[in-house]
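Quick notes on the structure that follows.
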Amino acid sequence: MKKYSCILFILLAIAAGCKKADYLLYHDTARIQMADTSLLSSTFVYEAPIVTRDTVYIRVNTIGGIKDHDRAVTLEQTPEYDITYVRDPVTNKVTDSTIKEKPFKAIPGTHYIPLNDPSMRSLLVVRANRPFDSLPIVLLRDTSLKSNSYRLRLKVTANDEFGIGETNAIEKTLLFSDRLERFASWKVDNSTASAYQVFGKYSVNKHQFMIDVLKVKIDEAWFQAIILAQATQHYKNLLRDALVAFNADPGNISSGKAPLRETSDPTSLLVTFPN
């Protein structure tokens, strides 16, 4: 009996030590991480030509309590990669892989104000007495944004104020351009995106058609407003009818504009709106 009591005591001591280690892991120092890691899109396309800068905000959360002073946050740009796997046709096991950096990586000083620029130092902070904050990222309207969408992958790194938090929550990608971009509720073409459920598959041509018909900015704010007004079916019907009229217009047919397709490729899918 005494032998078993000793074993039990040892096991309890080990368990207590593990709990203490876990506690130290999260409370030994202040830590910081992204509030969410989902892709954030932005575009200059709706802005007047005179506008050459735009500021987007990324929210960060802290762990370990608040402080009575502003705390600097260190961000760095990090690369992104596409991985392609080769599988055995019989076993389906991975036999090889290739790693390639994603194209159109944002260039500091060309597409955004460098994160270590002196003008950014007072902005990249968690302000006093706050457990979270929003950090400004200043985007620049370079002419290259009209041709391609550029990517800025941001990563929080440790500094004198913060260690890093959960390793799967320390990076976030900004996608931005000077052309139409998907907005948050239409960021994918499946039922998890509420705008997809209303308007169907996304394409730039469909997006532009909606703007041309409704004469308004078609973005996340507009979409949330029509949801609030319970007007999604009204706008879907209006756009579907407008598309039928557009495709039947002799002038549009003779010019090659109709039927409206998803891209300029004459073999691409037709633009449609669901019933």
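Nothing in this text is a laboratory measurement; each read-out follows from the coordinates by a stated rule. All figures in this text were calculated on a predicted structure; none of them were measured in a lab. Here Cβ is always computed from backbone atoms with ideal geometry, including for glycine, and neighbour counts include all displayed protein chains.
Tabulated results
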read-out: Whole-number D in µm² s⁻¹ for segment 30-180, Kirkwood Cα-pair radius fed into Stokes-Einstein, 4 °C, 1.567 mPa s; value: 76
read-out: Peptide ranges 45-55, 127-137 listed from the most packed, as the mean C-beta count within 10 angstrom indicates; value: 127-137, 45-55
read-out: Pairwise Lys count, segment 79-161 - Cα closer than 24 Å, eight or more residues apart or different chains; value: 5
read-out: Mean Cβ count within 10 Å, highest first, over the residues of peptides 172-178, 56-62, 85-91; value: 172-178, 56-62, 85-91
read-out: Members of Lys67/Lys172; Lys206/Lys257; Lys215/Lys236; Lys206/Lys236 lying beyond 19 Å, as alpha-carbon distances in this model show; value: Lys67/Lys172
read-out: From the C-alpha gyration tensor of the chain, square roots of 5λ in Å; value: 46, 26, 21
read-out: Over the chain, relative contact order from alpha-carbon pairs under 8 Å, at least 6 apart, %; value: 20
read-out: Between 0 and 90°, nearest 10: helix 232-248 axis offset from the chain longest Cα axis; value: 40
